[in-house]
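Quick note: the coordinates plus some simple rules give every number you see, no bench work behind them. All figures in this text were calculated on a predicted structure; none of them were measured in a lab. Every residue, glycine among them, receives a Cβ derived from its backbone with ideal geometry; neighbour counts consider all protein chains shown.
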Amino acid sequence: MKHFFFPLFLAVSILTSCRESQPKRNYVAIKAGEKSESIIAKASRVAPSKRQVAWQELEFTMFAHFGMNTFTNREWGEGTEDPALFNPSAFDAKQWVKVAADAGMKMIIITAKHHDGFCLWQTDFTKHCVKSSPWMDGKGDVVGALAKACQDAGMKFGVYLSPWDRHEQSYGTDQYNDYFVNQLTELLTKYGTIDEVWFDGACGEGPNGKRQVYDWLRFYSTIRKLQPNATIAVMGPDVRWVGTESGYGRPTEWSVVPYQANNNEKVSANSQQAPTDGVFIPAGDMMQQDLGSRSKIIQAPALIWYPSEVDVSIRPGWFYHPAEDERVKTPEKLLDIWFASVGQNSLLLLNVPPDKRGLIHENDAAILKEFKSVRDMIFNENLADGAKVEASSSAFGTNPSNVLDRSTDKFWMPKKGETTPFLTFELTGEKTFDCLEIRENILYGQRVEQFSIEVWKGEHWREVSRATTVGYSRFLRFEPVTASKVRLRIIQSRATPALAFVALHKRLPGLTIKPESGAFLDSIKVALSSDSDSYPIFYTTDGTNPDEKSLKFNGPLSLKQSTLIKAIAIDGRGVKSFSRTGNFVKAQFSIRFSNPPSPKYLPKNQIILLDGRTSDPDFANGDWLGWEGKDMIADIDLGEMKEFKGISADFLNSPGSWIFLPSEVEFEFSSNGRSFETAGRVINDKRWDTFAGARKEFDLTKSFKARYLRVKAVSLKTCPAGHAGAGNPCWMFADEIKFNVN
Ligand code: FUL
């Protein structure tokens, strides 16, 4: 014993002098008048709880919106639906789990009850549940079957239980909180381990017209008692909603955020003890762009580790609708969301709604598989592997090359107090990369406030990209660079940063079609290009998907007919780009404007108004022409006399973007292009402040003969009274002029 004591003592003292201990708490109270340096130091020592760490490490989870709405083809049910409607024909929870596992997802959260109140499990507290449905003679249990399939496959399992209940008669009274706790108790005691409980904040009226005052603290303590390791998400203390359902989180995403204490006495009583359930409830605006930077935290009454979850659906709706089978997000879109969620310090909860059969639709399953293989292609290879890593300094026991090891127990930290350290990587040779993956060891909290990546250019470092927060995971995308020496610089941090992992990746090769698509009169030149001239590009013109056997692109194409181009590029590694599509439509007529549209919105081509396609209402997509404070006067030449059977012009309504419908549209015609007669005027009958449509067609049903046509749309010119921009120039956007001619 004696022999060991001294070296052990020495080792412990070296360790404590050079490397700080891990923070213990996931919240901290701030005293009135506390100095900002002290608050920032405190923020740097807020770390996730054990259950938050386990949750964060899942990275990618599945939401399964399934229930009465699946069968009524709705998003929100009324609560009056007949349980007999719930009758999946081929329900198979194992198929859901397989799809999730193949996609790399680590947990499935089921909507055990949505707002319509219909329960997907064998509950004893209401008849409005699977017991009353013909499915499996009322013996079926979606929650039970899915829980079992998850357990068998080592998949984590969570429940969404809507507090808002449009069916339950006791809703709006104290009894409802008992009912809700009873339901929670069933879910948390009958189905094995529950890893997440997801509450949304909707609190509408119940069947009796009353709103409920939810007893959140009782809900939380029920969960803590019955499933102590489960995270409570969104309307709960462990996981925060990112604030949008688009799939896109914040570039600056802090997991340490100000928290409004709901009970100050409890906060101070607890402040030196274990936190916190029941002390904090979600409050305040968690949707702002900046939640946790210095200027926010120095005004905070308390700080808490409250990480962000990005929830988004793979389809437009949360529930399955057959009409959306072709609108499943593409692997490319999902990858973009991946960079904007997991790549920005959030967990991605992707909703994949099972269909009426009780299966995940083939289209969703196929896309998820492809999404996984694309991620594997990008992230499985670390181009920094084998690099010689050096650091500005290293704390005892943390080797700089630890950052190349994915396991979280190996990490690197500079010497205590060094807040702007750097790491250099001497790669095993010249490497081309366009993505940096960086992760902090969050057991030490979240500390990096700004960092950059640089490459050595013979005599100096060139900065390739720079960003703010890191947190659990941050992925940066940039133009491909080739280098053999790379430097990662921490430019600012709240305390000594601890890095768990650094990797360099190469994404799929890029591919652009120029112009992207559009209408043309006689012919159009179309060019295809990739990141390097040496990458071959293949394309088709018959609508089929291109591969290496398709036509090879050798130079600009000159199109004389309407053509659909689909193309791919293949890089030096043999990796294919995402497929790109360009739709080129030959228009039959020419158009000229006496008041040219604004160049700000880069129309692909002015005859886009005659390409026969109605575009989606995104005015910046190149399919719309815009006029600022001016009328539109369009002259169309048909080349010869034609008989018109009707004509229409289509305009955008988007007052929030200062875009208003014309007050009227006049159609004129002529046989010689000089003297015009009026065919008719269509007056706008929609008020800007009440009309909810995204567009309006100004339609004239009249027959006349003409070669020339003039369409005059009268702009409001300035934003109307009562609008935020009243008196300022306003916009008018046109998409399509359509006519029937013989
Ligand atoms: C929202 C609900 O109203 C939606 O229907 C969906 O369940 C989404 C995840 O949460 O609050």
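Given +1 on the Cβ of Lys and Arg, -1 on the Cβ of Asp and Glu, and no further charges, what dipole in debye does the chain carry about its Cα centre, rounded to the nearest 20? Could the numbers behind the result be given before it?
On the way: 90 positive and 90 negative charges, 325 e Å.
About 1560 debye.
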Qualifying lysines (Cα of each under 19 Å from Cα of Lys549; at least 8 residues distant if same chain): Lys566, Lys576
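Going by C-beta contacts inside 10 Å, put Arg477, Arg695 in order with the fewest on the left. Before the final figure, lay out each step's value.
Details: Arg477 13, Arg695 19.
Sorted ascending by nearby Cβ count, the order is Arg477, Arg695.
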- request: Please list the radius of gyration and Dmax for the chain, considering alpha-carbon atoms only, with Å as the unit.
  value: 30.3, 112
statement: Distance in nm between Glu697 and Asn672 label points, each 7 Å along Cα→Cβ, equals 3.5 nm
message: Using a 10 Å cut-off around each Cβ, can you sort Cys203, Cys730, Cys150 from fewest to most neighbouring Cβ atoms?
response: Cys203, Cys730, Cys150
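Filter the trypsin sites (Lys or Arg not before Pro) in the range 184-238 down to the DSSP loop ones having no more than 14 other Cβ atoms within 10 Å, then list what survives. The partial results should precede the final answer.
Numbers: sites: Lys190, Lys210, Arg211, Arg218, Arg224, Lys225; in loops: Lys210, Arg211.
For trypsin sites (Lys or Arg not before Pro) across the range 184-238 that sit outside H, G, I, E and B with at most 14 neighbouring Cβ atoms in 10 Å, the list reads Lys210, Arg211.
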message: Show me the helices of the chain, taken as full DSSP H stretches, that run 24 Å or more along their long axis by Cα and average -1.0 or above in Kyte-Doolittle hydropathy.
response: 2-18, 174-190, 362-379
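In the range 438-486, which chymotrypsin sites (Phe, Trp or Tyr not before Pro) are in a loop and have at most 14 other Cβ atoms within 10 Å, using DSSP for the loop call? Each step should come with its number before you reach the end.
Values: sites: Tyr444, Phe451, Trp456, Trp461, Tyr472, Phe475, Phe478; in loops: Tyr472.
Filter output for the range 438-486: empty list.
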- line: Per residue, the convex hull enclosing the Cα atoms of the range 477-587 spans a volume in Å³ of 152 Å³
- request: Mind checking which lysines have their Cα closer than 21 Å to the Cα of Lys225? Skip sequence neighbours fewer than 8 apart in that chain.
  value: Lys50, Lys156, Lys190, Lys266
field: Hits among aspartates and glutamates - C-alpha to C-alpha of Lys642 under 17 Å, sequence gap 8 or more where chains match
entry: Glu668, Glu677
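Ranking Met62, Met641 by Cβ neighbours within 10 Å, fewest first, what do you get?
On the way: Met62 26, Met641 11.
The order, fewest Cβ neighbours first, is Met641, Met62.
Among DSSP bridges having both ends in the chain, what percentage is antiparallel? Round to the nearest 5. Before the final figure, lay out each step's value.
Numbers: 108 of 144 bridges.
Of all bridge pairs located within the chain, approximately 75 percent are antiparallel.
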